[in-house]
Amino acid sequence: MNNASQQKNARNYKWLLLLFLWVAFFLHQGTRQIYNAILPQIQAAFDVDSVKMGLVGTVFTITYGVCAPLSGVASDFLRRKWMVVFGLLIFCEGIFISGWAEGIGVMLVFYGLVNGAGQAFYYPAACSLLGQLHEDTRATALAIHQTALYAGIVICSCVSGYFGDIPSLGDFSGWRIPFVLFGGIGILWAVCLMFLMRDTPPPAKRNEELGSAEKASLKDAFFVMFRKPSAIMLALGFGMMVYVDCGFKTWMPTFLQDKFGLDGAQAAFNAVIWHYIGAFMGVMAGGRITDKLARTRKTVRFEANIAGLFLGAPFIYMMSSTSSEALCFLAMFLFGIFRGVYDSNLFASLFDVVAPRYRASASGLMLCFAFIIGSTAPAVLGWMRDEFGMASGIASLAAFYFAGGLIILLARNIFFKRDYEAV
């Protein structure tokens, strides 16, 4: 094959890879919303309080955070294709088995621990693969990949809400169906990816093959972020965002039922559709604009993160405090737009300050920091619901968005110039 054919083949494959990973990420994110969309039905079936229901989300988030750095380091040294396949297979098995749970303990193990660990082993490998093959279209590719999150959450939430309102199908309660359905689809897709994905060597391996004097080391991979203050601050800002995201996704359907008297299906639909329509618009616009501006303005990816968090915060408070159903939905839409702007450069900004051969490691560590910070949100908001009402819990999330924007603003102004990695 001549050089022109090889280049064309590489260009075609990088977009095919994006499609393969889009489907996987759809399942990765969509299956997280199954539990949240039908939380009241599961709570009634298990007869437990709101704190214990929130604890399932907390266990998932802590497990994800603890496993993410291990996944990231492994993805910089092992074959990332198999990391993606392994992660997808494990978390979908956890989702599938959750559909057969008879009590909160089984849900904690399979939805919290198994699902959380499997999901952690998917993302750093997938993200670094896209960053490697889409160097010139990095934010665009990652933004398109991010739309799978929105589509997955909306579709899985609506499907779950629909089945959750079905009392039972024989001895099988309706709320169990989405776990079994989407978990089974994910297991089949993992098998398909074994044959569809190429075994792309990581940048560290390629450096060795080319005889580069700058070889990757396990020690450097693990401590890569600790040498970059701006990367640490991006992780802290991400932690503020994850706290909001976990609290919002877990309890927003319940909030709409409590405040506006919506039934399960209506609450599941409205809790996600308006927010993620806005997020889709924000992420696509943010990715395209920053890819163009980044050629002349190196700090633009950090600035997109700052704008998304600062401008999203007022609408979080608005959606919790308004007595109008329509204004609540409008606030969720506007919150979604700015969330999408932030998401469009979430990892693209990290890659500006981390060398390519360590991007998976850095992604894993960033996920670890963020998800450990955010892990308390489901349980804290569950406690706030019982003590003060759900509206107070949702309103408190605005402060975390503002804090995240402030942290990244300081990183941009103080450390970016020193930490920037020219590729």
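Numerical summary
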read-out: Scan of region 97-109 for residues that are of a type outside the set (S, T, N, Q) and either buried (at least 22 other Cβ atoms within 10 Å of the Cβ) or not in a helix (DSSP H, G or I) (or both), ordered by number; value: G99, W100, A101, E102, G103, M107
read-out: Y111 vs. criteria in contact (Cβ under 8 Å) with a residue 24 or more places away in the chain and under 19 Å from M53 (Cα atoms); value: yes
read-out: Among residues of region 76-88, those that are touching a Gly at 6+ places or on another chain (Cβ under 7 Å) and either over 16 Å from L129 (Cα atoms) or not hydrophobic (A, V, I, L, M, F, W, C) (or both), counted; value: 1
read-out: Residues of region 111-161 that turn out to be among the aromatic types (F, W, Y) and either in a helix (DSSP H, G or I) or surrounded by fewer than 24 Cβ atoms within 10 Å (Cβ to Cβ) (or both), as a count; value: 3
read-out: Pair list, Cβ < 7 Å and 6+ apart or interchain, from region 278-297 residues that are without any contact (Cβ under 8 Å) to a residue 60 or more places away in the chain to residues that are part of a helix (DSSP H, G or I) and not hydroxyl-bearing (S, T, Y); value: M281/I337; M281/G340; L293/V300
read-out: Any hit, region 388-401, residues being part of a helix (DSSP H, G or I), aliphatic (A, V, I, L, M) and under 25 Å from P69 (Cα atoms); value: no
read-out: Unmet requirement for R206, which otherwise passes all of (1) out of contact with any helix residue (DSSP H, G or I) (no Cβ under 6 Å at 6 or more places or on another chain); (2) modelled with pLDDT of 85 or more; (3) of a type in the set (D, E, K, R); value: (2)
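One line per residue, one yes/no per condition, for (1) of a type in the set (A, V, I, L, M, F, W, C); (2) touching a helix residue (DSSP H, G or I) at 6+ places or on another chain (Cβ under 8 Å); (3) more than 24 Å from A279 (Cβ to Cβ):
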residue	(1), (2), (3)
G308	no, yes, no
T322	no, yes, no
L330	yes, yes, no
G336	no, yes, no
Y342	no, yes, no
S349	no, yes, no
P356	no, yes, yes
S363	no, yes, no
P378	no, yes, no
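The values are calculated or read from the model by the stated rules, or taken from the named source; none is laboratory data. Because the structure is a prediction, the values reported are computed rather than measured. Cβ sites come from the backbone with ideal geometry, for glycine too, and all protein chains shown count toward neighbours.
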